Amino acid sequence: MGGNVGVIFRRELASYFSTPLAYVFIVIFLVLTGIFTFFMGNFYERGQADLAPFFSFHPWLYLFLVPAVSMRLWAEERKTGSIELLLTLPVRTWQAVVGKFLAAWVFAGLALVLTFPLWLTVNYLGEPDNGVILAAYIGSWLMAGAYLAIGSCISAATNNQVIAFIITVTVCFLFVAAGSPIVMNLFTSWSDNQLWSAIASASFLVRFESISKGVLDFRDLFYFGWMMILWLAATVIVIDMKKAQ
């Protein structure tokens, strides 16, 4: 990865590990995934060698952990004033946005890779469908990217990390809850199928559940890719608007 995007990417990724943030995040992520998988997910009681309990909690786990990463993407730069320095360099706004996003996305991917011992565990205990597990990992990483893109846009709109975190959690919750059984049952009780199908199709929960079953449907992959592009484009617009003020 070369050019300005690569420079910003490497700078941002290194900054994660220059503070305790990265290590705290990774430890919390690994501990929570273990708790959700083995205790709340009844891993052993199910008697099946798969990682369905592990992945089933990801949409809800990311709801709080990923905004904790994305809230600092731009809010911290704005609070410290370093954003002015960054944007006076010969770097286009979109390059800065993409570079910072990719660093956060790779960081999230690293945390996900560190759960690999769980994959080894289920292979030791039985004969799981590794193709399904691989698809679920891919889907989980794509979903994390969509969360981060939303958080990037909201972080760019404020210089307060707490506010960025709260708003990001709220917006992401809407995208997750739209596909939850409670919401879908609510809409099916009074609306036609087209309306609730459209709402469900916009849900991270529904899209990820499809991928986690081993079905790498192009429409689901396109959805997460489009969400990232859309929210990153919005981030560029927000930053340019702030520059013009």
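The values are calculated or read from the model by the stated rules, or taken from the named source; none is laboratory data. Everything numeric here is computed off the predicted structure, so don't read it as measured data. Note that each Cβ is placed from the backbone with ideal geometry, even for glycine, and that neighbours are counted across all protein chains shown.
Does S212 satisfy the condition of being under 30 Å from N130 (Cα atoms), modelled with pLDDT under 90 and surrounded by 14 or more Cβ atoms within 10 Å (Cβ to Cβ)? Spelling it out, S212 is indeed under 30 Å from N130 (Cα atoms), modelled with pLDDT under 90 and surrounded by 14 or more Cβ atoms within 10 Å (Cβ to Cβ).
When restricted to residues that are modelled with pLDDT under 90, touching a Ser or Thr at 6+ places or on another chain (Cβ under 7 Å) and of a type outside the set (D, E, K, R), the stretch 215-234 contains 0. Going through (1) in a helix (DSSP H, G or I); (2) under 27 Å from D217 (Cα atoms); (3) at pLDDT below 90; (4) not aliphatic (A, V, I, L, M) one by one, E127 falls short only on (1). For the stretch 6-36, the candidate set comprises residues that are of a type in the set (S, T, N, Q) and exposed (fewer than 15 other Cβ atoms within 10 Å of the Cβ); within that set, the residue that is modelled with the lowest pLDDT is T19.
Of the residues W119, W141, W105, which single one is in a helix (DSSP H, G or I) and either of a type in the set (S, T, Y) or closer than 20 Å to R11 by Cα (or both)? Being in a helix (DSSP H, G or I) and either of a type in the set (S, T, Y) or closer than 20 Å to R11 by Cα (or both) holds for just one of W119, W141, W105, which is W105.
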